[in-house]
């Protein structure tokens, strides 16, 4: 224990991996939370708007994957996709199965959790002799018996009973993380800060996450390793007193004994932004804070002589401009892959890839061959190496009451609500909305609407939609159309729905059939497309 940081570290016995004359690469998978394109200097939307020198270095020396997409653009299923290489509709945790049974069709949202029965990327790497670690945000691994329903959301976190409960919860989360393939778990937020159960600890602490990552690297010794670093920023809350300028002693497990000195002091953030000629905003401050954590990890790898043999993936969990929808603003989500010396593909790669491709790609890089049919994704290592790759790939997307298929320039999106919601009475709609809002008021969170007559979003059966998708609900002209067809070359913003255009009925018919085949191959239940 150092500086009050409670670590949970098991499974350090050396496992024998495949013999090889060359050392196997280490992996750092850095997954940020809710970044928008304007936060990336390497993208046109954000060029010159941020002070993120370490992220800029990864982009300049690595490969910017401009064709990167996600399957399901909200936190939980996106992380499921990354850690399993499989679609979240394959989840078999109790919560997911219960929601499917209740609605009569599969709804992919914040319900697709990993359990010890799942075969995961870290568990496969473990079997190959890798040491695996997770720090930061969970929000994808099921934690049985977790108790975050504090009687008083505004209780004092220094109260001995409250403090003990926070530590107990953190220990349970770490134990659950270890059961899905991670040897090491530390500095874990089980969910976004607002959902930890106590307002006083509902703050960000990037320093704490970084400290956990550095401890893991120190403990790895000579073993090859895989480290999953999941930040809680730049997701809400973004105001200074709850993010970059919060009390540095506050963590998800209560108060530290002393501040952590693992990255540049928070007090240096405003003057550094000013020196760079950038106005201080909460978003910029949080991005610099995040970048400082990334820089500390890179510096530790260099100090340990590990950087030359480490591959770094930088990824934001989904597109944020249309979060909670399958429009391009939600599913198109450029990523960065870096290694010393770069890849033959050069600085950019436009190959169409999905986040279900991360797991098979990392195993390919590690020289590990999975069982046939293990993944829904495929390795994109050939694309990084400049070799010929599959042409004409169709991208599949699933979320809430929508499914989508993208093939070439065409994209088909289907919206199907279960009958129970189409026939919901106004009284029932009001009850659902009132209960939803009451819980958010208790947690000091914003309200989307108080109007029970508002239509549902694509993601949740709540009038007006949930908070996660509030900016995209109803924001597209064809948003509430059951069938939507878009020409992404002529209409990249998906403003003109061509589904009823007589000239495009053959394209529509072909894509609907292909979507039906894909849904049924997953054993999914979705409108008339599934079983």
Which one of these does residue 462 not meet: (1) buried (at least 16 other Cβ atoms within 10 Å of the Cβ); (2) touching a residue at least 60 places away in the same chain (Cβ under 8 Å); (3) assigned by TED's automatic domain parsing to the domain that holds residue 415; (4) under 29 Å from the mean Cα position of the chain (by Cα)?
(2)
Among the numbered conditions (1) touching a helix residue (DSSP H, G or I) at 6+ places or on another chain (Cβ under 7 Å); (2) surrounded by fewer than 23 Cβ atoms within 10 Å (Cβ to Cβ); (3) in contact (Cβ under 8 Å) with a residue 40 or more places away in the chain; (4) not in a helix (DSSP H, G or I), tell me where residue 116 comes up short.
(1)
Residue among 100, 84 that alone is touching a residue at least 24 places away in the same chain (Cβ under 8 Å) and surrounded by fewer than 24 Cβ atoms within 10 Å (Cβ to Cβ):
100
Looking only at helices (runs of 4 or more DSSP H) that fall completely inside segment 262-381, which ones have 3 or more residues that are in contact with a strand residue (DSSP E or B) (Cβ under 7 Å, 6 or more places away or on another chain), surrounded by fewer than 18 Cβ atoms within 10 Å (Cβ to Cβ) and assigned by TED's automatic domain parsing to the domain that holds residue 209?
none
When residue 426 is evaluated against the numbered criteria (1) surrounded by 15 or more Cβ atoms within 10 Å (Cβ to Cβ); (2) over 20 Å from residue 194 (Cβ atoms), which criterion, by number, is the only one it fails?
(1)
Of the conditions (1) within 16 Å of residue 196 (Cα to Cα); (2) surrounded by 20 or more Cβ atoms within 10 Å (Cβ to Cβ), residue 210 satisfies every one except a single condition; which number is it?
(1)
For segment 194-235, what are the residues that are in a loop (DSSP other than H, G, I, E, B) and farther than 23 Å from residue 162 by Cα?
220, 221, 222, 223, 224, 231, 233, 234, 235
From the list 430, 420, which residue is outside the structural domain of residue 354 (by TED's automatic domain parsing), outside any strand (DSSP E or B) and at pLDDT below 95?
420
Between 226, 195, which is modelled with pLDDT under 95 and within 21 Å of the chain's Cα centre (by Cα)?
195
Going through segment 140-158 one residue at a time, which ones are at pLDDT 95 or above, surrounded by 14 or more Cβ atoms within 10 Å (Cβ to Cβ) and under 21 Å from residue 187 (Cα atoms)?
140, 141, 142, 143, 157
Going by what's in this entry, would residue 342 be described as touching a helix residue (DSSP H, G or I) at 6+ places or on another chain (Cβ under 9 Å), touching a residue at least 60 places away in the same chain (Cβ under 8 Å) and at positive phi?
yes
Please indicate, with yes or no, whether at least one residue in segment 486-502 is assigned by TED's automatic domain parsing to the domain that holds residue 410, under 21 Å from residue 106 (Cβ atoms) and surrounded by fewer than 19 Cβ atoms within 10 Å (Cβ to Cβ).
no
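The values are calculated or read from the model by the stated rules, or taken from the named source; none is laboratory data. Note that the coordinates shown come from a computational prediction; the quantities given were computed from them, not determined experimentally. Don't worry about glycine lacking a Cβ; one is built from the backbone with ideal geometry, like all the others, and counts go over all protein chains shown.
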